[in-house]
Amino acid sequence: VAVTLPERSTSWNISAKGVTVDTLTGQAESELTVKKELFGELALPSIVTDGDSVQLTAVIHDLLERAAGAPAEKLEVTFTTCIGDKTVQEKRSITSEKAGMHELAFALAAKLPAEAKDRAAGAVDFVELSLEVAAGERRDVLRRTIPIRPLGYTIVSSTGGSATSDTTAWLEEPAGMT
């Protein structure tokens, strides 16, 4: 039986049970671990506001075991952000001497393009992020999107209650509110 497994590192519990025509039975269980030797992860906020400057952390996992005395390997990391028609790309190199994790910080300037400010209320814009990690033939690409909330986004606050008798309540806007 051939099974295509995802590229990400994960473990699978496999069990097989069988019965023959002669009613002989058998079963087996095993654990299978899939491990990608090179991949990147991004620690991201769930949403950003127009004008935010955010420091994002990228964790590069280099899990390739190297023999003692083996030369260090150069990891190429490319971080790309795209908001509307504006794309910003930043490239970094890491020297990896042994299997492990490497952290990098990347800046994100969440600035909506001028035409986005003229859109109807409720329209959602996104920042598209891409983290590419490469070392020789090994390569991984991670893509994510984060919604961008307009600056001055309306937030509604309300309270409630009940009256136990005939009551008249007068509600007025706070001073200076238009």
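The values are calculated or read from the model by the stated rules, or taken from the named source; none is laboratory data. Just so we're clear, the structure is a prediction, and the values are computed from it rather than from any experiment. All Cβ positions, even for glycine, are placed from backbone atoms using ideal geometry, and neighbour counts span all protein chains on display. Note: accessible area is taken over every heavy atom of the protein model, side chains too, but ligands, DNA and RNA are not part of it. Shrake-Rupley method; radii C 1.70, N 1.55, O 1.52, S 1.80 Å.
Observations, loosely collected:
- Search result, residues across segment 44-56 that are assigned to a strand (DSSP E or B) and either within 13 Å of SER130 (Cα to Cα) or open to solvent by less than 20 Å² (accessible area, probe 1.4 Å) (or both): VAL48, LEU56
- Scoring ALA68 on the criteria (1) modelled with pLDDT under 90; (2) open to solvent by less than 50 Å² (accessible area, probe 1.4 Å) leaves a single failure, condition (2).
- Whichever residue in segment 71-94 is aliphatic (A, V, I, L, M) and in a strand (DSSP E or B) and, among such residues, is surrounded by the fewest Cβ atoms within 10 Å (Cβ to Cβ): VAL88
- Residue in segment 48-65 that is modelled with pLDDT of 85 or more and touching a Ser or Thr at 6+ places or on another chain (Cβ under 6 Å) present: yes
- Checked against (1) out of contact with any Phe, Trp or Tyr (no Cβ under 9 Å at 6 or more places or on another chain); (2) open to solvent by less than 50 Å² (accessible area, probe 1.4 Å); (3) of a type in the set (A, V, I, L, M), LEU63 passes all but condition (1).
- Exclusive hit being at pLDDT below 90, under 20 Å from THR81 (Cα atoms) and loosely packed, with under 11 Cβ neighbours inside 10 Å, set ALA114, ALA169, ALA121, ALA163: ALA114
- Residue list for segment 140-160, restricted to those being over 26 Å from the mean Cα position of the chain (by Cα) and modelled with pLDDT of 65 or more: SER158, THR159, GLY160
- Any hit, segment 14-37, residues being among the polar types (S, T, N, Q), over 21 Å from the mean Cα position of the chain (by Cα), exposed (fewer than 10 other Cβ atoms within 10 Å of the Cβ) and at positive phi: yes
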